[in-house]
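Structure first, commentary second.
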Amino acid sequence: MKKYSIILLLAFTLLLYAVMPCAAQNQPTNQQTASEQVSAKININTADKADLEKLPGIGPALAERIIQYRQEHGPFKTIDELKNVKGIGDKKFEAIKDLITVE
């Protein structure tokens, strides 16, 4: 009985190691996930909070600040103007600039 349990445990372990690489291949990378979430460019002049949060690095608080800036200053004239929003630095802007538009 003890020998049977050891063999069963060994078989289960081998099966687990055989399945792990297959499961890892099906996991999307962070870049794929961001691209899939933003299939078309997001218009930062018309986007709601949920749409803005689809952009990488934009959470609820930053999405609110973008909307507030837009309400106080009017529509963004260029995407570069987004850098005027507190929390959007050069690094974050570079990550999202190809995913946004003002048209």
If you take the residues of the stretch 65-103 that are assigned to a loop (DSSP other than H, G, I, E, B) and over 22 Å from the mean Cα position of the chain (by Cα), which of them is modelled with the lowest pLDDT?
GLU103
Go through (1) at pLDDT 95 or above; (2) touching a Leu at 6+ places or on another chain (Cβ under 9 Å); (3) among the hydroxyl-bearing types (Ser, Thr, Tyr) for SER35 and report which single condition fails.
(1)
Considering each residue of the stretch 49-66, count those that are out of contact with any Leu (no Cβ under 7 Å at 6 or more places or on another chain), among the aliphatic types (A, V, I, L, M) and surrounded by 16 or more Cβ atoms within 10 Å (Cβ to Cβ), and give that number.
2
List, please: which pairs have Cβ atoms under 9 Å, are six or more places apart or on different chains, and start with a residue in the stretch 30-48 that is part of a loop (DSSP other than H, G, I, E, B) and end with one that is modelled with pLDDT under 95 and among the charged types (D, E, K, R)?
LYS41/GLU103; ASN45/GLU103
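The values are calculated or read from the model by the stated rules, or taken from the named source; none is laboratory data. The structure displayed is predicted, hence computed values, not measured ones. Neighbour counts run over all protein chains shown; Cβ positions are idealised from the backbone, glycine included.
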